[in-house]
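Just below is one structure, and these are the notes that go with it.
Quick note: the coordinates plus some simple rules give every number you see, no bench work behind them. These figures come from a predicted structure and were not determined experimentally. Methodologically, a virtual Cβ is constructed for each residue, glycine included, from the backbone with ideal geometry; neighbour enumeration extends over all protein chains shown.
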Ligand code: AP5
Ligand code: MG
């Protein structure tokens, strides 16, 4: 049996978004990416979006209480009752504890491992669809038509936080605040390490194998 209440843990550029796109289809569960939800809030000009803006542009974490409320509301929706892929959440021990307090259950935590040198190359060449959020790469996953999403035809763009200075800060933020969650979840026996360095299809196979419970 496959776990369906998942956390994809991994540094910026590890492939959380890329791998979620396939998992959503194959497992029939939604991807809940706090990064995507925050970018949507910014685009819509909500209070939350305005509060999150400066943290995101600096490569720092948005305050825990804002992110926890966002996830809690998303997980109340109908499609999340059968399972969910938490992509980029939790990112601090406080967020993980808040989940436990709210009875948000987790069956498997996948730790996608990729060294920093590779992450920098992935992030600096990434292009994202403005409409559907699909992730591409100028070298590793180019779009068929330049600047146009393969899935929906929307315009692709480079995320503002994919600049060299902000990438460096995001990697530092991950090491300091999120990496401790690896040991945290290992204590509960929920953690599986997956090598995230290979081709996208090979990484996917590794993740699927790690979901067996
Ligand atoms: P978020 O959007 O979650 O960014 P992130 O964690 O930095 O992760 P990324 O989306 O950059 O990487 P990914 O692992 O999804 O990689 P992808 O699949 O796209 O968060 C943004 C900001 O929001 C944070 O900095 C923070 O400010 C805030 N935030 C979000 N959540 C928060 C939280 N819980 N608490 C507080 N603040 C929060 O792949 C990257 C590239 O590599 C793509 O181009 C892809 O095509 C390519 N690629 C993927 N896999 C491979 C492969 N196997 N081989 C070659 N290329 C590959
Ligand atoms: Mg992502």
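The table for this structure:
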quantity	calculated
Relative contact order (%) - criterion: Cα under 8 Å, at least six apart; region: the chain	31 percent
Two-site FRET efficiency, residue 44 against residue 140, from Cβ-Cβ distance with R₀ of 25 Å, rounded to 0.05	0.20
Extension gain (nm, one decimal) between residue 1 and residue 155, 0.36 nm per residue minus Cα-Cα	51.6 nm
FRET efficiency, residue 102 to residue 176 (Cβ-Cβ, R0 22 Å, nearest 0.05)	0.30
Region 52-210: C-alpha gyration tensor shape, a/c 1.5 cut-off, then a/b vs b/c	rounded
Per-q log10 I(q)/I(0), region 122-213, q = 0.23 Å⁻¹ (Debye; single scatterer per alpha-carbon; no solvent)	-1.13
Residues of region 99-139 with amide N under 15 Å of the 7 Å Cα→Cβ point at residue 163	124
Spin-label pair residue 209/residue 187, simplified geometry with 7 Å Cα→Cβ offset, distance in nm	2.9 nm
Bridge type composition, the chain - antiparallel percent by DSSP, nearest 5	35 percent
Rg [Å, one decimal], Dmax [Å, integer] - region 104-151, C-alpha atoms	14.2, 41
Order of 138, 145, 194 under a 10 Å beta carbon neighbour criterion, fewest first	145, 138, 194
Ordering of 117-123, 163-169 by packing [mean C-beta count within 10 Å, highest first]	117-123, 163-169
Scaled radius of gyration (Cα, divided by 2.2 N^0.38 Å) that region 1-140 gives	1.03
Principal axes of region 1-44: Cα extent on each, largest first, Å	38, 22, 15
Equivalent ellipsoid, region 132-177 (semi-axes from 5 times Cα gyration tensor eigenvalues, Å)	27, 10, 9
For region 30-102, convex hull volume per residue from C-alpha positions, Å³	87 Å³
